[in-house]
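What follows is one structure encoded as structure tokens, with my remarks underneath.
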Amino acid sequence: MRLPEPGAYGWITLAAIIFGAWLWYRRWKTTDPTLFGIFVGGITGAFVGAKVIYILAEGWLHFGAEDFWLQIAAGKSILGALLGGYAGVELTKKLIHYQEPTGDWFAFVVPLGIATGRAGCLRYGCCLGAECDAETWYAMLDEAGVARWPAAGVELMFNLGVLLVLFQLRKFPSLKGQLFHVYLIAYGVFRFGHEFLRGTPKVIGGTVSGYQIVALLVLGLGIWRFWTRRSSAASSGHSTD
């Protein structure tokens, strides 16, 4: 099984970032120039969060190994990117005193970006699933010929499916400004369960990974922010936007 190659699927991730920037640029041109700064704040927070959570969840397990710095350089976490990106957006909005909800745009950019990244994982053989019976119809062989659960493909399909659902949910006025919180809740639940089928290090009892703990944090953040925004809208007598 080969290590994730830092430059191998970086171009795919970069393409997703550029596409997201283009969407925000279109909105910026027609609405508010501060929105592009919020996008930059979100991207910056996402990169920091992705690295920090990777180190906390599994990067530390490579300490002392010959390839330690390669692992640290290549490793990143989508869950960490979600938490860091959310923090980056909120911090930027506070710094520039911007109070309007922006999550609905991220709700479409983020799952598309993650799906694109998982397509890169499929292409270059990283982010593998747990070993499984080679006779099962869904088994995929890694570089060493070991049959594995198609973790990257399942997550790709999940994000595309959620994207379609969110596209329909945008029609409901009661969910305006809440779509990214819905995504955080959905992804947190999905990722917690899916971790049991992924080939990530299990650090608690041999069955629970560090990413599952972070998935619960993402789930909790989504529920908390959904509830607080809904409560705030109800007390003010306005819609969630």
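The values are calculated or read from the model by the stated rules, or taken from the named source; none is laboratory data. Remember, predicted model here, so these are calculated numbers, not experimental data. Cβ sites come from the backbone with ideal geometry, for glycine too, and all protein chains shown count toward neighbours. All accessible areas refer to the heavy atoms of the entire protein, side chains included, with ligands and DNA or RNA removed. Shrake-Rupley method; radii C 1.70, N 1.55, O 1.52, S 1.80 Å.
Restricting attention to segment 204-230, report how many residues are in a strand (DSSP E or B) and open to solvent by 60 Å² or more (accessible area, probe 1.4 Å).
Residues that pass the stated criteria total 1.
Yes or no: Leu128 farther than 24 Å from Glu90 by Cα, in contact with a strand residue (DSSP E or B) (Cβ under 7 Å, 6 or more places away or on another chain) and crowded, with 19+ Cβ neighbours inside 10 Å?
yes
So is Thr116 polar (S, T, N, Q) and modelled with pLDDT of 90 or more or not?
It is false that Thr116 is polar (S, T, N, Q) and modelled with pLDDT of 90 or more.
Quick one: in segment 84-97, of everything that is open to solvent by less than 40 Å² (accessible area, probe 1.4 Å) and either among the hydroxyl-bearing types (Ser, Thr, Tyr) or more than 13 Å from Phe39 (Cα to Cα) (or both), which residue is nearest to the chain's Cα centre (by Cα)?
Selected residue: Tyr86.
List the number of the failed condition for Ala65; all other conditions in (1) small (Gly, Ala, Ser); (2) under 27 Å from Gly37 (Cα atoms); (3) without any contact (Cβ under 8 Å) to a residue 60 or more places away in the chain hold.
(2)
All but one of (1) touching a Cys at 6+ places or on another chain (Cβ under 9 Å); (2) of a type outside the set (Phe, Trp, Tyr); (3) under 15 Å from Phe180 (Cβ atoms) hold for Cys121; state the number of the condition that does not hold.
Here Cys121 meets the rest and fails (3).
For every residue, the table says whether it meets (1) without any contact (Cβ under 8 Å) to a residue 40 or more places away in the chain; (2) among the acidic types (Asp, Glu).
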site	(1), (2)
Gly177	no, no
Ala186	yes, no
Glu195	yes, yes
Val214	no, no
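Among (1) of a type outside the set (A, V, I, L, M); (2) over 17 Å from the mean Cα position of the chain (by Cα); (3) not in a loop (DSSP other than H, G, I, E, B), which single condition is Gly145 missing?
That leaves (3) as the condition not met.
Would you mind finding the one in Ala46, Ala73, Ala50, Ala65 that is assigned to a helix (DSSP H, G or I), small (Gly, Ala, Ser) and either in contact with a strand residue (DSSP E or B) (Cβ under 9 Å, 6 or more places away or on another chain) or exposed (fewer than 15 other Cβ atoms within 10 Å of the Cβ) (or both)? Quick ask: steps written out before the conclusion?
Details: Ala46 fails: either in contact with a strand residue (DSSP E or B) (Cβ under 9 Å, 6 or more places away or on another chain) or exposed (fewer than 15 other Cβ atoms within 10 Å of the Cβ) (or both); Ala50 fails: either in contact with a strand residue (DSSP E or B) (Cβ under 9 Å, 6 or more places away or on another chain) or exposed (fewer than 15 other Cβ atoms within 10 Å of the Cβ) (or both); Ala65 fails: assigned to a helix (DSSP H, G or I).
Sole residue among the options that is assigned to a helix (DSSP H, G or I), small (Gly, Ala, Ser) and either in contact with a strand residue (DSSP E or B) (Cβ under 9 Å, 6 or more places away or on another chain) or exposed (fewer than 15 other Cβ atoms within 10 Å of the Cβ) (or both): Ala73.
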